[in-house]
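Before any comments, here is the structure.
Values quoted throughout were computed directly from the atomic coordinates according to the rules given, and no laboratory measurement underlies them. Since the structure is predicted, the reported quantities are computational estimates derived from the model, not experimental observations. FYI the Cβ positions are ideal-geometry reconstructions off the backbone, even for glycines, and counts take in every protein chain you see.
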Amino acid sequence: MSDRIRHAGLRGKRMPADVAAALIRPGMTVAMSGFTGAGYPKAIPQALAAHILQAHDFGEEFRIRVLTGASTAPELDGVLARVRGMELRLPYQSDPALRERINAGDLNYIDIHLSHVAQHTWFGFFGKIDVAVIEVTAIDEAGHLIPSSSVGNNKTWLEQADQVILEVNRWQPEALEGMHDIYYGTALPPHRKPIPLVHPSDRIGEPHLRCDPDKVIAVVETDAPDRNSPFASPDAESQQIAGHLLDFLAHEIKRGRLTPQLLPLQSGVGNIANAVLAGLATAGYRDLDAYTEVIQDAMLGLLKQGVLRMASATSFSLSPPGIEEFLANVDDYRRRIVLRPQEISNHPELIRRLGCIAMNGMIEADLYGNVNSTHIAGSRIMNGIGGSGDFARNAYLSIFMAPSTAKDGAISTIVPMVSHVDHTEHDVMVVVTEQGLADLRGLAPKQRARRIIDACAHPDYRPMLQDYFDRARRDSYGKHTPHLLGEALSWHQRFIETGTMRR
Ligand code: 0RQ
């Protein structure tokens, strides 16, 4: 395995995970690699969880503060949540055990835009980073790190942490080398310069991460896969949503607002996003580009078919069959995929310049087009805002999608007022459900409400929404964005009390 560690000094720092994990002490701020189930450390968090459990058995307090790129996997978030080993976690997460602990009020969770994490660290908002734990594919002779299946915030973690622990994962294909583009030109205000990227395929940095070998306190060898669940094939609702969206794009081309090459695509994760991407292939699109944060299975398919020319992201999020496909054709994919730090993949300046088409899932939208991506009934966190806000606010087109009902029809995803706001009406241009698509561009609040009720609401809830809107227009304190404040959140309260929003 030491062929993966070609720097003599770092080869000498090899040790078992258990010994390396003991270097992490209670109260430390630990910045880890990992983004959407890819490139997260596989051994240290599990060894650390065992130490934490032991300390708790002896009645000792042992919790750490954990920063990552985005969501990880059961071997990181899951194990540390189960032993109650975290006092703080940020940013995006999606592990069921961790979600349960956060919603039980056991730890602090800070949900911020993914493009903000690096700069907030540089600004000092999270205090000092004690240790960075970073998975890499290999270490070259000069001590440069070949990143693995995600880049995330690793550049910042390596620069900001006092000490570094490296996990060199033999499972990660060596052929990843050359796919990454690490930009070292960021600075802090007032010294910032424009980022010199004008096309999604531009390479503006280096293929490896720089790392001061003196900061490295341990190197751990691993051989374990990234873990992501397989995608279900798109269900009927996802396909209907995809159908509406594809009709809309075709209409935009006809109107001359888009060309047949569209504009760089950003697509969220999940089944709806997968269905939309699959639909692009059937609709006959060719030579598109993606400027996004995650490359999921469907994107590999599009690259293979020539629907996509290239894709820029910060991470993979592949199911086991997706990983097999990637490994089988890695040389082609390496030429057409660029993985960047998440502060670049999600950078507002670049998203605005490129004019991305942003397509993301949502939990609910309200009559006026405010969108909630993160909370159930205003108080239970689901995953987090992820990169949806980075893209939605700055994209050429910001599109939010969801089925019109959830939980077998007990919940309407179109509500009078969202119970939590992630994307304000000012950032949301298009809302799509399986019922239809509401194009909100150029519309004032009451016009937006009519469009959303007519196009997006489920027929079971449409009369209730229309009734609310009619009475609000009559009785509201102001008539610009009509609301009945005593009633606006009553649908959520009814769901909490009775298990359904139906009257
Ligand atoms: O619950 O799992 O118990 O069945 O929420 O909903 O319909 O499976 O949709 O997986 O696409 O997730 C917004 C969470 C949608 C996701 C969200 C329940 C529903 C189900 C999941 P069950 P679906 P998806 C790039 C961009 C924010 C981050 C983002 C997300 C579960 O898209 O995390 O966009 N977005 N990142 O039953 C109660 C409602 C509900 C509801 C759905 N109104 N009330 N429950 N559910 N709507 C990626 C990154 O940033 C990394």
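Quick notes on this structure:
- Amide proton proximity set for Ala138, modelled H, under 5 Å, gap of 5+: Ile146
- Taken over the chain, the percentage of Cα pairs per 20 Å bin, counting from 0 up to the bin with the maximum distance, is 23, 54, 22, 1.
- Principal-axis tilt of helix 462-475 within the chain, Cα atoms, nearest 10 degrees: 70 degrees
- Global form of region 456-503, assessed from the alpha-carbon gyration tensor, a/c cut-off 1.5: oblate
- Annotation: lysines with alpha-carbon distance below 24 angstrom to Lys446 (same-chain offsets under eight excluded): Lys479.
- Inter-centroid distance (Cα atoms) of region 358-434 relative to region 17-31, Å: 38 Å
- The mean sequence separation of alpha-carbon pairs under 8 Å and at least six residues apart, normalised by the residue count of region 132-213, gives a relative contact order of 38 percent.
- Taking every C-alpha pair closer than 8 Å and separated by at least 6 residues, the mean separation divided by the residue count of the chain gives a relative contact order of 14 percent.
- Crossing angle, helix 445-456 versus the chain [Cα axis fit, 0-90 degrees, rounded to tens]: 80 degrees
- Packing, as the average of other Cβ atoms within 10 Å across residues, places the peptides 101-113, 67-79 in the order 67-79, 101-113, highest first.
- Per residue, the convex hull around the alpha carbon atoms of region 378-463 comes to 102 Å³.
- By the rule of a C-alpha distance below 26 Å, with chain neighbours fewer than 8 residues away ignored, the lysines paired with Lys42 are Lys13, Lys128, Lys155, Lys215.
- Region 85-149-region 284-313 distance, computed between alpha-carbon centres (Å): 27 Å
- By definition, a body whose alpha carbon gyration tensor gives a ≥ b ≥ c is prolate when a/c is 1.5 or more and a/b is larger than b/c, and region 346-503 fits this prolate description.
- Overall form of region 221-351 per C-alpha gyration tensor (a/c, 1.5; a/b vs b/c): prolate
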